[in-house]
Amino acid sequence: MPSIESEVTKALDIAWVRSQFPSLAQVNDGRPAVFLDGPGGTQVPQRVIDAISEYLVRNNANTCGAYATSRRTDAVIAEARAAMADFLHCGADEVVFGANMTALTFAMSRAIGREFKQGDEVLLTRLDHDANFSPWKALEEKGVVIRVAEINPSDCTIDMKDLVRKLSARTKLVAVGLASNAVGTINPVGEIIELARKVGALTYIDAVHYAPHGPIDVQSLDCDFLVCSTYKFFGPHMGVLFGKREHLKGLQPYKVRANTNAIPNCWEWGTLNHECIAGITACVEYLAELGRKVNSSADSADTRRAALLAAYAAIQDHEYELMLKLIDGLQQIPGSKIYGITDPTRFAERCPTIAVRIAGHTPLELASKLGDRGFFTWDGNYYAINLTEYLDVEKDGGFLRIGLAHYNTHEEVDRLLAAMREIVQ
Ligand SMILES: Cc1ncc(COP(=O)(O)O)c(C=O)c1O
């Protein structure tokens, strides 16, 4: 999926990128570590580590106190909110911080579910991570009907005809992922949001898997809610939720009395992870610097948002090339089967996250043997359990998942393929 912007964007400076991430230099048992586990959590640039420790050394305090470190803590949180507003393209008061995407989604499903009555419907998909499934399914206990849009098993895309069939005036909310963390499919969420709006349903978008691979624009999507996790895009272990101002104001949160009624504070309960919030600004700044480096006009375009878009254009070009090589190489391994889109002309519909099985080898065996050789991959269902059950691979260990990130190199992909050939021969 080379981007249109690539015509004006310089290629990613992979040496500079890798120099930003100290963990990439790790050697395990004499073998260089190759991080292909990004979908489970990416590595972090040095500046994120520095921001976290700087916060703890200089600013460590609770919020809203009448003294220096507390005031600085308030400023650190405001900066991170502004950074995430640029990242998501929304207002800073529409950014809610939380422990992780799952906790935020349970909180939101409880609050949104307050408005639903018996017989109201929520539409989910077979492709989604369980964190965008079970929190909504829990509403069954108050009589909400859960419907599930099926997938096309041949390429692991959402069956849009089925989705349309299951949408009706009874549908009050559609929850769908921007991209699948198991098989990499990028879903047509723009189209789904439009369909949902036509029947008056809210939309709740899980952007956790997509965030390291492409730019997110909640304004152009026009979704009601969107969630992501900063530890999947080079930041600390935290979750972030975007909610349209009108919903954050209109819905009634379960909260303690000390929380004000002002947004977003009324959605953030207890003391947040301030040091990680400091790291969030640094991770957005890392991406913005990458954007300024690949496109000098992004620098003069003066906004952090423009720099982020330039960064993602370069990331997408680089990941496309790696994905092309990896999928082609995997297909040549005897007995291999890739789940998801494999046609290069359709790579714009997928992330570089590859689910594969190889006949005669369990995913755990492959992941363990790769791990011994320094390649860090995942095996199993990664909580996309509806999908692995539906494709009937759950009982045999799910998939081997190879997750590319922009800090991976062609040379790493070549070495991974050589290792796989050696393991399966
Ligand atoms: C697509 C997707 N959604 C949701 C989650 C859950 O995110 P968190 O760990 O922040 O709760 C994950 C985590 O792997 C994921 O990949």
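Computed values, structure above
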| quantity | calculated |
| --- | --- |
| The listed residue being over 22 Å from the mean Cα position of the chain (by Cα) and of a type in the set (Ser, Thr, Tyr), out of TYR339, TYR390, TYR383 | TYR390 |
| Among the residues listed as VAL183, VAL176, the single one being touching a residue at least 12 places away in the same chain (Cβ under 8 Å), within 14 Å of the ligand (Cβ to nearest atom), under 21 Å from LEU391 (Cβ atoms) and assigned to a strand (DSSP E or B) | VAL176 |
| Segments classed as helices (runs of 4 or more DSSP H), wholly inside region 330-425, with at least 3 members that are within 21 Å of ALA25 (Cβ to Cβ) and either open to solvent by less than 10 Å² (accessible area, probe 1.4 Å) or acidic (Asp, Glu) (or both) | 410-424 |
| Test: residue in region 9-25 that is within 16 Å of the ligand (Cβ to nearest atom) and surrounded by 19 or more Cβ atoms within 10 Å (Cβ to Cβ) | no |
| Residue identified as farther than 24 Å from ALA196 by Cα, more than 16 Å from the ligand (Cβ to nearest atom) and open to solvent by less than 50 Å² (accessible area, probe 1.4 Å) among ILE146, ILE77 | ILE77 |
| Selection count, region 268-296, where residues are in contact with a Lys or Arg (Cβ under 9 Å, 6 or more places away or on another chain), closer than 17 Å to ASN62 by Cα and in a helix (DSSP H, G or I) | 2 |
| Residue count for region 208-233, restricted to those that are within 14 Å of the ligand (Cβ to nearest atom), over 21 Å from ASN265 (Cα atoms) and either not in a loop (DSSP other than H, G, I, E, B) or not small (Gly, Ala, Ser) (or both) | 9 |
| Number of the condition not met by LEU56 [criteria: (1) closer than 23 Å to GLU289 by Cβ; (2) touching a residue at least 60 places away in the same chain (Cβ under 8 Å); (3) open to solvent by 40 Å² or more (accessible area, probe 1.4 Å)] | (1) |
| Where a residue in region 98-121 is closer than 13 Å to VAL240 by Cβ and more than 12 Å from the ligand (Cβ to nearest atom) and its partner, wherever it lies, is of a type in the set (Asp, Glu) and modelled with pLDDT under 95, with Cβ under 8 Å and at least six apart | none |
| Checking HIS237 against (1) surrounded by fewer than 24 Cβ atoms within 10 Å (Cβ to Cβ); (2) touching a helix residue (DSSP H, G or I) at 6+ places or on another chain (Cβ under 7 Å); (3) not in a loop (DSSP other than H, G, I, E, B), the condition it does not meet | (3) |
| Hits in region 134-149 - residues which are in contact with a strand residue (DSSP E or B) (Cβ under 8 Å, 6 or more places away or on another chain) and touching a residue at least 24 places away in the same chain (Cβ under 8 Å) | TRP136, LEU139, VAL144, VAL145, ILE146, ARG147, VAL148, ALA149 |
| Some residue of region 43-53 being farther than 11 Å from ALA282 by Cα, modelled with pLDDT of 95 or more and within 16 Å of the ligand (Cβ to nearest atom) | yes |
| Condition check for LEU287: open to solvent by less than 60 Å² (accessible area, probe 1.4 Å), touching a residue at least 40 places away in the same chain (Cβ under 8 Å) and more than 18 Å from GLN43 (Cβ to Cβ) | no |
| Among (1) more than 16 Å from the ligand (Cβ to nearest atom); (2) touching a residue at least 24 places away in the same chain (Cβ under 8 Å); (3) open to solvent by 10 Å² or more (accessible area, probe 1.4 Å); (4) touching a Cys at 6+ places or on another chain (Cβ under 9 Å) - the single one LYS255 does not satisfy | (2) |
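The values are calculated or read from the model by the stated rules, or taken from the named source; none is laboratory data. These figures come from a predicted structure and were not determined experimentally. Note: ideal-geometry Cβ built from the backbone for every residue, glycine included; neighbour counts use all protein chains shown. These accessible areas exclude ligands, DNA and RNA; they are computed on the full protein's heavy atoms, side chains included. Shrake-Rupley method; radii C 1.70, N 1.55, O 1.52, S 1.80 Å.
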